[in-house]
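**Q** Could you have a look at this structure, given as structure tokens, before my questions?
FYI, it's all coordinate maths here, none of it is from the lab. All figures in this text were calculated on a predicted structure; none of them were measured in a lab. Cβ placement follows ideal geometry from the backbone for every residue including glycine, while neighbour counts extend to all protein chains displayed.
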Amino acid sequence: GNSVTQMEGPVTLSEEAFLTINCTYTATGYPSLFWYVQYPGEGLQLLLKATKADDKGSNKGFEATYRKETTSFHLEKGSVQVSDSAVYFCALRDSGYSTLTFGKGTMLLVSP
Amino acid sequence: EAQVTQNPRYLITVTGKKLTVTCSQNMNHEYMSWYRQDPGLGLRQIYYSMNVEVTDKGDVPEGYKVSRKEKRNFPLILESPSPNQTSLYFCASSQPTLSGNEQFFGPGTRLTVL
């Protein structure tokens, strides 16, 4: 079956530091890959997505590249802000009608 | 405003007392889903629905029921809640496409079963 593995948190960074959150996946076929973000007390919001190999999703300074050869979709940001503190979920979907499979989430804490 | 709404947002109940958590979306989405979020386990799917009158089990359906009589509503029913159903619940909806499509999430319902 499908699965997503994320690095465990919390990840603790100072403001303006570089961020990487690792995500690897196992799936049949050619899944679409997503990063969702959950701010404290809120539901999940789509942060970015990539639908085929070598695609790069980007939004709000965050980027992730769909690497089929390494089955990875690592999230990066060059300079984090305190407002980026949240839980980040990597997810995959292997067809338009199939369910999302989520990783366990990685909490990011950014201090001033 | 396009949104998924859930009610109630917070609920404390006792073992065995039937409850329903409502979910409604205003985007005319075909696909709706319920998840529960637990520390260290991430999000796990409970049930999903691909359209009206079409529902199917997710990864953790035991102890839950759903119905999809109208496109916009997808209530989650706990016939006899137990303490292990204490969790944070999210409803989500999307319009399936051949490529990846975004799921829109509700704000969550925090349920405590005593």
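**Q** Counting only Cα, what are the radius of gyration and maximum Cα-Cα distance Dmax of segment A:29-81, in Å?
**A** Just the Cα atoms of segment A:29-81 yield Rg and Dmax of 11.8, 36 Å.
**Q** What percent do you get for the relative contact order of chain B when only Cα pairs under 8 Å and 6+ apart count?
**A** Dividing the mean separation by the residue count of chain B yields 35 percent.
**Q** Okay, next question. Taking Rh as the Kirkwood radius, which is the inverse of the mean 1/r over Cα pairs, what is the Rg/Rh value for chain A?
**A** 0.96
**Q** Can you tally the net charge around B:S87? Count Lys and Arg as +1, Asp and Glu as -1, for every other residue whose Cβ sits under 15 Å from the Cβ of B:S87.
**A** +2
**Q** Right, another one. Under a straight-distance cross-link criterion of Cα-Cα below 23 Å, which lysines are reachable from A:K56, leaving out those fewer than 8 residues away in the same chain?
**A** A:K68, A:K77, A:K104
**Q** Starting from the Kirkwood radius over alpha-carbon pairs of segment B:16-110, derive D by Stokes-Einstein at 37 °C in a medium of 0.692 mPa s and give it in µm² s⁻¹.
**A** 243
**Q** A follow-up question, please. Compute and list, largest first, the equivalent-ellipsoid semi-axes of segment B:1-51 from the alpha carbon gyration tensor, each √(5λ) rounded to a whole angstrom.
**A** They are 22, 16, 12 Å, listed from largest to smallest.
**Q** Amide H of A:H74: which non-local residues (sequence gap of 5 or more, or other chain) have their own amide H closer than 5 Å, using H built in the peptide plane?
**A** A:C23, A:T65
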